[in-house]
RNA sequence: GGGCGAUUAGCUCAGGUGGCUAGAGCGCGUCAUUGACAUUGACGAGGUCAGAGGUUCGAGUCCUCUAUCGCCCACCA
C-alpha cells in the first residue's frame, strides 16, 4: 500500500503532475495513439475544434464550463477507441482586442492610435495578445483539457493568414464578395464600421417633432432627428392612404434651414399609416430603411453627416455637431412657424458595444459578402445540396441545418437560427481598424499606369487586384481596412486542419464531430462556419452542435468587468481542485440553460474526490495480494452488484451518446457515494472479516472490479483524481486511465 | 411589435420516449463516532410541481389560455 493513499486526497499536489504525465505520453495526439498501439489506425475519428477564446484577457467560468463539457466528451470518445482530436487555439478578436489596448494606452499615456501610427499600434496590440495568450493557455492546462497542443492555432498566424486570403480571393472571384457603397453602422468614436451584432440598443428619452418642410408643403412628417432632414429627398406615404393619394408624384423645391432640398412624394408599402402622421420623411443616407426605399424608387442619397458626426452642409448648420444642429433646426422650425408638435417619447438608441458611442448610419464604401447571390457549387457532400447545383450562401446555411446534416437537437435554438437566417442581410466584412487580417486587395489608378490586362477597374478609373500575394508592378496600394474578426473565425473548423492545403488532417478530421458554443454566438459564429465550410469545402463544419447556456454569478448576473463579479477559474481550482470545478459546473445543469455558479456546490465535489480516494484505499487495502488469475464463482449477492454496475454503465453510456452529461455525472456521483460507500462497502466489511474464504474472494473480486469500472466512467468528469488512483491499481488494462477501454 | 426560456423543498437546481409513492446538493432537526473517510454515518422534517381548463386508464411531463420573472430579435420614422 502506497503511503500516499493513507493521507487525504490533495488535488493541488496531484493535478499539475498528472497533466504533465498525460502531455508526455503524447496521447492527446491521435497519431501517437495509433503509433503506440492504443488506438486502431482504422478507427472512426472524433474531432472537436476548441471555440478559440479571445486574447483580450483572462478566461472566466463560462470558458471553464465550455471546456469541461468538451473535455468530458473527448475523453469519453477516446476511451471508446475513436481516433480523437481536440484542437486548441485562440482568436485575435480584432476589434475587441484593439479597443482594449487603445483604451489602456489612452489611460496610461494619453495617446490615441493616430499618435502611434499603424505599425506601432499593431505591435502593441500583438504584444498584449501574446501575453494574454500565455495566461489563457495556462488556464486551459490547469482545467485538464486534453487538447493536442502540437496542432495549436492562432487566427493571425501564418497558416490561418493564408486560409483567410485564399477564402477571400475565392469568394471574390465567384462574385460573392463585392465592394459597395451602402449604408453601414458607423461608430464615430471608434471610427469604424461595426456589424449589427455589435450594436446594443439603449432606451432613452427623446423628443418627437412633427413639422412641415415649408409653408406650401402639403404633408406633415415626424422625426426624432430634425438635423437629418436636410438630407431628405422624399416623403413616403402608404399607397392606400386616402389622405395623401392626391399628392403622390408631386415634387417640391424648397430651402430647409439654409439648405436647398428637393422633395418628391412617393408611395411605398413599408410606411405605416397609423404611425404619427402616416408620412415618412425619407433620408436615404442616414437610415437603413430609407436607404432601401431609395433603392426601390431610384432616389438620390445626399450625405449630410460625416464620420465625425458633424454636418456637412452649407449655411448655419455647416460643421456643427449633430446634437447642436438638432437644436438649430428646431429653433429654425419654430421661427418659421413650421413646428406643429413636440412630444416626449422613449426611443431605443443604437450604441456601440465597444465604445458606447451612438451609431451614425452612413453610406460608406465597404466590402460585403452577398448571402443571396446564386452561384454554382462545384462540389457538395451536404445532404440536400447537390454538386453542380445553383445555390446561395443563405441556402447553404438553411439547408445544412434543415436537412439534419448539421444536427442541432435543441428545437428552440433551431427556431432562433432559422429566424436569424431569414432576416439576414449582406454581411459587411470590412473594418476600419488596424489589428486583424488586412483585406487582400490592392488598388492603383489607371491614369498613372495605363490599363493592365485582365485586371478589373471600377468606374472611377481605379484598378483592383485581389490575390493571396501582392500584385507585381509598381504603384499598387493595399486596402487599408481589415476583416471582421468573424471572417477568420468562420473558417476555423478547417483552417485549423491546414486548409487550403489538402492535408491529411483535413481529409481525416473534417467535418468535425461536435461543437458546443454559447447561445450568444449562435448567429454570429455557428451560422457563419456553416456558410464558409459549405462554400469552400462543400461540407458541413460539424455534425452535431449543442448550444450551452451562460454561467452567471450566484444572483444571476452576467459576469462582467464593470460589475467586478468576475471569477478566475484558477482561484476555484486552487481552493477545490479542477475536478471539483468541473463537476460543480457540469452536474445538474441541463445543456442550454443558464447556470448560476455556486461555490458551495463545488466544495461538495472536493469532498467527493476525497470520498472516492477513501473508497479506493479501502478496496486496495482489502484486496491486497489476491491472485487475479484464479477463477472465482461469485456469490449471488456479488452477481447482483455486478449486474447493477453493468446497468449503470449502460445508462451512463447512453447519456454520453446523447450528450446528457449532466445526468451521467450525477448518476455516477450518486451511485459511488450512496450505493458503493454507504451500502456495498459497509456490507462487505462483515464478509471480509468472516472465515468463509469463497465468499470473501468473491467479494474482493467484485470490489476490485467495481473500482476499476467506476474510475473509468468517472474519468471524463474528474480526470485527475481518477488517474491518480489508477496508478495504484495492481491489475489494469492500460497504464494510463485516459487511454483505457470504456467498459461495456 | 415578434419570438424564446423559466416558474418543482428554506436556497440552487435535476426530472431522456407520459407510469412518480416527485428527487439531488446545500441548509435545517435528532442521534451516532477513534471504524476506508471528522471532507463521516443513520434517521427525519420540509412540496396542492405558478394558476385555470383540456387530452389520457394515468400529466411535473402533451395541448390551450392566464400571470410573474428573465432573455433575444426588430427598430416606428
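The values are calculated or read from the model by the stated rules, or taken from the named source; none is laboratory data. Treat the numbers as computed from the prediction; the structure is a model and nothing was measured. Positions of Cβ are backbone-derived with ideal geometry, glycine not excepted, and every protein chain shown enters the neighbour counts.
Name the residues in the stretch A:570-603 that are part of a helix (DSSP H, G or I) and within 6 Å of RNA strand B (Cβ to nearest atom), would you? Within the stretch A:570-603, A:600, A:601 qualify. Scanning the stretch A:234-255 for residues being surrounded by 16 or more Cβ atoms within 10 Å (Cβ to Cβ) and either part of a strand (DSSP E or B) or touching a helix residue (DSSP H, G or I) at 6+ places or on another chain (Cβ under 6 Å) (or both) gives a total of 5. Of the residues in the stretch A:524-535, at least one is assigned to a helix (DSSP H, G or I) and either free of Cβ contacts under 8 Å to residues at least 40 places away in the same chain or in contact with a strand residue (DSSP E or B) (Cβ under 7 Å, 6 or more places away or on another chain) (or both). With respect to the conditions (1) modelled with pLDDT of 90 or more; (2) crowded, with 19+ Cβ neighbours inside 10 Å, residue A:336 falls short on a single one, namely (2). Within the stretch A:206-217, not a single residue is outside any loop (DSSP other than H, G, I, E, B) and within 30 Å of residue A:532 (Cα to Cα).
Select from the stretch A:615-636 the residues that are near RNA strand B (Cβ under 8 Å from one of its atoms) and either within 22 Å of residue A:664 (Cβ to Cβ) or without any contact (Cβ under 8 Å) to a residue 24 or more places away in the chain (or both) and list them in ascending order. Correct list: A:615 only.
All but one of (1) part of a loop (DSSP other than H, G, I, E, B); (2) within 30 Å of residue A:13 (Cβ to Cβ); (3) within 9 Å of RNA strand B (Cβ to nearest atom) hold for residue A:606; which doesn't? The single condition residue A:606 does not satisfy is (1). Applying the criterion of being within 12 Å of RNA strand B (Cβ to nearest atom) and touching a helix residue (DSSP H, G or I) at 6+ places or on another chain (Cβ under 9 Å) to the residues of the stretch A:686-708, the residue that is modelled with the lowest pLDDT is A:689. Filtering the stretch A:256-297 to residues that are more than 9 Å from RNA strand B (Cβ to nearest atom), in a strand (DSSP E or B) and either touching a residue at least 40 places away in the same chain (Cβ under 8 Å) or surrounded by 15 or more Cβ atoms within 10 Å (Cβ to Cβ) (or both) leaves A:256, A:259, A:261, A:263, A:264, A:265, A:266, A:267. Taking the criterion of being in contact with a helix residue (DSSP H, G or I) (Cβ under 8 Å, 6 or more places away or on another chain) and either assigned to a strand (DSSP E or B) or modelled with pLDDT of 90 or more (or both), the residues of the stretch A:452-468 that qualify are A:457, A:462, A:463, A:466, A:467, A:468.
Selection of first residues in the stretch A:177-188 that are under 17 Å from residue A:301 (Cβ atoms) and of second residues that are not in a strand (DSSP E or B), restricted to Cβ pairs under 7 Å at least 6 apart or on distinct chains, gives the following pairs, ordered by first then second residue: A:183/A:288; A:183/A:291; A:185/A:196; A:185/A:359; A:186/A:307; A:186/A:359.
Considering (1) in contact (Cβ under 8 Å) with a residue 60 or more places away in the chain; (2) closer than 24 Å to residue A:430 by Cβ; (3) touching a helix residue (DSSP H, G or I) at 6+ places or on another chain (Cβ under 7 Å); (4) part of a helix (DSSP H, G or I), the lone condition that residue A:90 does not fulfil carries the number (4). Determine, yes or no, whether residue A:577 is on the phi > 0 side of the Ramachandran plot, surrounded by fewer than 22 Cβ atoms within 10 Å (Cβ to Cβ) and out of contact with any strand residue (DSSP E or B) (no Cβ under 7 Å at 6 or more places or on another chain). No, not satisfied.
Is there a residue in the stretch A:302-314 that is at positive phi and in contact (Cβ under 8 Å) with a residue 60 or more places away in the chain? There is at least one residue in the stretch A:302-314 that is at positive phi and in contact (Cβ under 8 Å) with a residue 60 or more places away in the chain.
The set of residues in the stretch A:41-53 being touching a helix residue (DSSP H, G or I) at 6+ places or on another chain (Cβ under 6 Å) and either within 10 Å of residue A:85 (Cα to Cα) or surrounded by 15 or more Cβ atoms within 10 Å (Cβ to Cβ) (or both) consists of A:45, A:46, A:47, A:48, A:49, A:53. Of all residues assigned to the stretch A:642-658, at least one qualifies as being in contact (Cβ under 8 Å) with a residue 40 or more places away in the chain, within 9 Å of RNA strand B (Cβ to nearest atom) and within 19 Å of residue A:721 (Cβ to Cβ).
Residue check: is residue A:721 at pLDDT 90 or above, within 13 Å of RNA strand B (Cβ to nearest atom) and in a helix (DSSP H, G or I)? Criteria met by residue A:721. The one condition from (1) near RNA strand B (Cβ under 10 Å from one of its atoms); (2) within 25 Å of residue A:4 (Cα to Cα); (3) crowded, with 17+ Cβ neighbours inside 10 Å that residue A:712 does not meet is (1). The selection criterion, being buried (at least 23 other Cβ atoms within 10 Å of the Cβ) and modelled with pLDDT of 95 or more, holds for residue A:78.
Does at least one position in the stretch A:237-253 carry a residue that is within 25 Å of residue A:423 (Cβ to Cβ) and within 15 Å of RNA strand B (Cβ to nearest atom)? Taking every residue of the stretch A:237-253 in turn, at least one turns out to be within 25 Å of residue A:423 (Cβ to Cβ) and within 15 Å of RNA strand B (Cβ to nearest atom). Candidates in the stretch A:218-232 are the residues that are within 13 Å of RNA strand B (Cβ to nearest atom) and assigned to a loop (DSSP other than H, G, I, E, B); of these, the one that is surrounded by the fewest Cβ atoms within 10 Å (Cβ to Cβ) is A:224. Against the numbered list (1) touching a helix residue (DSSP H, G or I) at 6+ places or on another chain (Cβ under 6 Å); (2) part of a helix (DSSP H, G or I), residue A:59 comes up short only at (2).
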